[in-house]
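Participant: Could you have a look at this structure, given as structure tokens, before my questions?
The values are calculated or read from the model by the stated rules, or taken from the named source; none is laboratory data. None of the values given here were measured: they were computed from a predicted structure. Every residue, glycine among them, receives a Cβ derived from its backbone with ideal geometry; neighbour counts consider all protein chains shown. Quick note on the areas: whole protein, heavy atoms, side chains included, nothing else; ligands and nucleic acids left out. Shrake-Rupley method; radii C 1.70, N 1.55, O 1.52, S 1.80 Å.
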Amino acid sequence: MNDYLLSVLLGIIEGLTEFLPVSSTAHLRIAEQLMHVPLSSGYWKMYSIVIQLGAILVLPIYFRQHIAKLVSTFPEGEKKDCDYLTHPLSLVMIAFVVTAIPSFLLTKVIGKNLESLYVMGVALLIGGIVMWVIDAMKAPWEMDGPEAFCSPIHNWKMDDIHGGQALWIGSCQILSAVFPGTSRSMSTIAAGQLVGMSRAAALEFSFFLSIPTMTAATLYALFKSLRGKDENPIGVAQITSHQWVILAIGFVVSFIVAYGAVAWFMAWVRKRGFTPFAMYRIVLGIAVLAWAAGMIGK
């Protein structure tokens, strides 16, 4: 396949799946197998990191107004009821730290699981079932809104979350790092819904939390790759002009597609919920497990 077309296709896959609760890691791994792309090699591993950076860049741009409002009201908050520890920005960072430290310590375990289609298949399947059950439990109150009687949903806006919820969501996000295929967004959204957040609030907090989480993880992986601290390092001087163009194409395509995916997803969730994504995960998880067992694709 032409390298430029391949870069476009991989950029589309990354952009579509990075923020949807379907696991971009699993989709890129599947693409690697189907398109015969050695994403574990030096250059292509760096390529996968670069296109992920393209997707990450979407969030601070898309949420720039909300971010500006939170920064301008720090630390007392818009309602003047926060402090340095309870402001939404502080809670995002608390959740990030809760995830970052265990994930760093479990680097070797994470690396092994990244190579396992069985782990990805099981994570996709179980995650889909969990998402479906939780969303179905909350759906009646989502339809009735904040005025619903005895509603288990207590936080309809991301800005209203509290410290216990942030700690819980950060802890659940560790699952997505240890078990590829879980999906970072799935784990954080489902965790938020379980502790009383609405779909929209859980989704928005998930997006905000992904900014420091994905930025730190991606830049660390890029640093290891470029500085020879990885198994398959590559130096900037080794990259040809042709390869730079491929990187640029993937970065731009990933950014554009991810921006559209985030905008669409925010609108979709407020009206329809997560059931279609849960069903897709279940079907894909079964297919990946069948593939790993040699029942299909051979």
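Participant: For the chain, what % of the accessible area comes from carbon and sulfur atoms, probe 1.4 Å?
Facilitator: On the way: 9690 of 14060 Å².
Answer for the chain: carbon and sulfur cover 69 percent of the accessible area.
Participant: Any chance you could run the full-extension gain for residue 109 through residue 129? It's 0.36 nm times the residue separation minus the Cα-Cα distance, nm to one decimal.
Facilitator: On the way: separation 20, 0.36 × 20 = 7.20 nm, distance 2.43 nm.
Between residue 109 and residue 129, full extension yields 4.8 nm more.
Participant: What number, in percent, do you get for the relative contact order of the chain if the mean sequence gap of Cα pairs under 8 Å and at least 6 apart is divided by its residue count? Write down the numbers at each step before the final one.
Facilitator: Numbers: 424 pairs, mean separation 103.7, N = 298.
Answer for the chain is 35 percent.
Participant: For region 91-225, what percent of Cα pairs sit more than 17 Å apart? Please list the in-between numbers first.
Facilitator: Details: 5350 of 9045 pairs.
Value for region 91-225 (Cα pairs over 17 Å): 59 percent.
Participant: Probe of 1.4 angstrom, ligands and nucleic acids ignored: what's the accessible area per residue over the chain, in square angstrom? Spell out each step's value before the answer.
Facilitator: On the way: 14060 Å² over 298 residues.
For the chain, the per-residue accessible area is 47 Å².
Participant: By its C-alpha gyration tensor, with a ≥ b ≥ c as the square roots of the eigenvalues, how is region 1-142 shaped: rounded for a/c under 1.5, else prolate for a/b larger than b/c, else oblate?
Facilitator: Details: a/c = 1.93, a/b = 1.60, b/c = 1.20.
Prolate.
Participant: Nearest 0.05, what FRET efficiency do residue 219 and residue 143 give at R0 = 45 Å with Cβ-Cβ as r? Could the numbers behind the result be given before it?
Facilitator: Working: r = 41 Å, r/R0 = 0.91.
According to the calculation, E is roughly 0.65.
Participant: Of 16, 67, 89, which is farthest along the charge dipole of region 1-133 in the positive direction, counting Lys and Arg as +1 and Asp and Glu as -1 at C-beta?
Facilitator: Value computed over the given set: 89.
Participant: Specify, per residue and in Å³, the volume enclosed by the convex hull of the alpha carbon atoms belonging to the chain.
Facilitator: Numbers: hull volume 38.6 nm³, N = 298.
That works out to 130 Å³ per residue.
Participant: Still on this model: In deg cm²/dmol, rounded to 500, what helix-only [θ] at 222 nm does the chain give when every DSSP H run of at least 4 residues adds -39500 (n - 2.57) and the total is split over its residues?
Facilitator: Numbers: 13 runs with 214 residues, N = 298.
Helices in the chain give a 222 nm mean residue ellipticity of -24000 deg cm²/dmol.
Participant: Moving on to the next point. Rounded to the nearest 0.05, what FRET efficiency do residue 116 and residue 238 have when you use their Cβ-Cβ distance and R0 = 25 Å? Write down the numbers at each step before the final one.
Facilitator: Working: r = 29 Å, r/R0 = 1.18.
Step by step, r from the Cβ atoms, then E = 0.25.
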